Amino acid sequence: MADKTLFQRIESGEIPSDIIYEDEHCFAFRDINPQAPTHVLVVPRKPIATLNDLVDEDAALVGQLFLAAKQIAADEGLDDGYRTVFNCGEKAGQTVFHIHLHLLGGRRLGWPPG
Ligand code: 5GP
């Protein structure tokens with residue numbers, strides 16, 4: 001069996017985290033190094049390494065991540081806007097190879113991103 005990803009170790013509680021949302025498809029917790037007042041990672045229970053590893057059967061799962069992000073944004077009171085980001089690959093800043101949707105809000109966010 002493949003080694004667990006960092007985020008699977010968070011999911012199991014092996015690594016402590018602040019899990020704020022869970023459903024059958026995904027779970028979400030606060031980023032350890034927040035880049036905004038609200039910075040949450042929404043992670044599928046299925047350990048897909050990068051967006052490039054998605055297959056057709058994952059289409060609904062990706063939609064579930066965005067629905068979860070929408071719910072969390074409402075719960076966090078991000079009524080005036082927020083951003084969702086997937087980093088794909090090392091050059092885009094991906095450091096954990098288990099896909100995750102960043103949810104950022106609580107401050108004005110610049111564009112273009114760095
Ligand atoms: P990436 O750089 O892959 O797009 O995002 C990975 C994110 O995971 C980073 O924002 C990083 O701060 C966060 N992260 C890395 N290790 C941990 C951890 O042990 N706990 C939590 N809560 N976040 C982590």
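The values are calculated or read from the model by the stated rules, or taken from the named source; none is laboratory data. The structure displayed is predicted, hence computed values, not measured ones. Cβ placement follows ideal geometry from the backbone for every residue including glycine, while neighbour counts extend to all protein chains displayed. Ligands, DNA and RNA are excluded from the accessible area calculation, which covers all protein heavy atoms including side chains. Shrake-Rupley method; radii C 1.70, N 1.55, O 1.52, S 1.80 Å.
The figures follow:
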| item | result |
| --- | --- |
| Ratio of the Cα radius of gyration of the stretch 53-111 to 2.2 N^0.38 Å, where N counts its residues | 1.25 |
| C-alpha center-to-center spacing [the stretch 69-114, the stretch 12-55] in angstrom | 11 |
| Rounded accessible area of Phe66 (nearest 10 Å², 1.4 Å probe) | 90 |
| List Glu24, Glu76, ordered by accessible area with a 1.4 Å probe, largest first | Glu24, Glu76 |
| Over the chain, relative contact order from alpha-carbon pairs under 8 Å, at least 6 apart, % | 30 |
| Per residue accessible area of the stretch 6-105, 1.4 Å probe, in Å² | 55 |
| Residue among His98, His39, His25 with the largest mean-square fluctuation in a Gaussian network model of the chain, springs linking Cα atoms under 10 Å | His25 |
| Descending Cα extents along the principal axes, the chain, whole Å | 43, 29, 27 |
| Nearest-ten-degree value, helix 59-75 long axis tilted from longest Cα axis of the chain | 40 |
| Dipole magnitude of the chain about its Cα centre (Cβ charges: Lys, Arg +1; Asp, Glu -1), debye to nearest 20 | 420 |
| Residue with peak Gaussian network fluctuation, the chain [Cα springs, cutoff 10 Å], from Val62, Val40, Val85 | Val85 |
| The chain - percent of accessible surface contributed by carbon and sulfur, probe 1.4 Å | 51 |
